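Since the structure comes first, as structure tokens, the remarks are kept for the end.
Quick note: the coordinates plus some simple rules give every number you see, no bench work behind them. Quick caveat: nothing in here was measured; it's all calculated off a predicted structure. Here Cβ is always computed from backbone atoms with ideal geometry, including for glycine, and neighbour counts include all displayed protein chains.
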Amino acid sequence: MRGLLSLMAAMACASAACAGDLTVSLKTAKGQPVRDAVVTVYPAAGTSGPIHFDWPYRMAQHNLQFDPFVLIVAQGAVVSFPNLDPVRHQVYSFSPTHPFELKLYGRDETRTVRFDKVGVVALGCNIHDSMVAFIKVVDTPYAARSGASGEASIPGAPAGAATLRIWHPYLKAPGNEIIRQVSVPREGVDRETVLLDLRTPPMAHMAY
């Protein structure tokens, strides 16, 4: 009987019911919140199934800037690049993850690009040098971007040991990423606070 109960408990823990929430608070050494950091969680038990996020896979050009500044997409995602400006843009990337170029196109026109490789894609515009943005292509369903408060919340991660990865375009670390080991609770919320050392950003993004 005891063996049967243990097996049933293990099966229950392997289900989605045995999962917790992870909230990561990201700050600078001076206590300022860090927004636009990408937080990903890789459970020790691995992940399975297709990955889909609720937000749109969309990188717009608006007011001579990309919107959003950082976009998280699943591996294999098709991202749209609508031009909402009254001028033409020529979006490109030289990043090894996925180099591409979208020839000049105008207002209310859209182009699309599929991103099949995990990694970071830095974006620019050949016409407007101040336009900078990043697409983070991930292979885990447990991912979030920090908001203005510096917090990133990942609900429903499998309980147990996991690897926490934190990426930011201006983070002083190899590959702009740091790695931590965490334990996701079976229920409730695990709160982690991580201090980040950021480089001085280009003039276009001095808000950091």
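The table below gives the values:
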{"quantity": "Phi to ³J(HN,Hα) by Karplus 6.51 cos²θ - 1.76 cosθ + 1.60 over region 18-32, Hz, x for Gly, Pro", "calculated": "9, 8, x, 10, 10, 10, 10, 9, 10, 9, 7, 4, 8, x, 7"}
{"quantity": "Interchain or long-range residues, amide H under 5 Å from residue 124's placed H", "calculated": "92"}
{"quantity": "Cα-based Lys pair tally, the chain, threshold under 28 Å, eight or more apart or on separate chains", "calculated": "9"}
{"quantity": "The chain, helix-only ellipticity at 222 nm - DSSP H runs n ≥ 4, -39,500 (n - 2.57), divided by all residues, nearest 500", "calculated": "-2000 deg cm²/dmol"}
{"quantity": "Built amide H within the under 5 Å cut-off of residue 89, gap 5+", "calculated": "105"}
{"quantity": "Sequence-distant residues sharing a close amide H with residue 192 (under 5 Å, placed H)", "calculated": "23, 24, 25"}
{"quantity": "Nearest 10 degrees, 0 to 90: helix 2-14 Cα axis against the chain principal axis", "calculated": "10"}
{"quantity": "Environment charge at residue 185 (Cβ cut-off 11 Å; Lys +1, Arg +1, Asp -1, Glu -1)", "calculated": "-1"}
{"quantity": "Near-label residues of region 111-145 by backbone N, under 14 Å of a point 7 Å along Cα→Cβ of residue 100", "calculated": "111-124, 134-138"}
{"quantity": "Cα-projected label distance for residue 199 with residue 84, points at 7 Å along beta-carbon direction, nm", "calculated": "2.9"}
{"quantity": "Relative packing of 132-143, 91-102, 156-167, 191-202, which averages over residues the other C-beta atoms within 10 Å, highest first", "calculated": "132-143, 156-167, 91-102, 191-202"}
{"quantity": "Nitroxide proxy distance, nm - points 7 Å out along Cα→Cβ at residue 75 and residue 54", "calculated": "2.5"}
{"quantity": "The chain: mean projected area of Cα convex hull, nm²", "calculated": "12.7"}
{"quantity": "Ranked by how many other beta carbons lie within 10 Å on average, peptides 46-54, 169-177 from highest", "calculated": "169-177, 46-54"}
{"quantity": "Region 60-138 - Kirkwood radius from inverse mean 1/r over Cα pairs (Å)", "calculated": "12.4"}
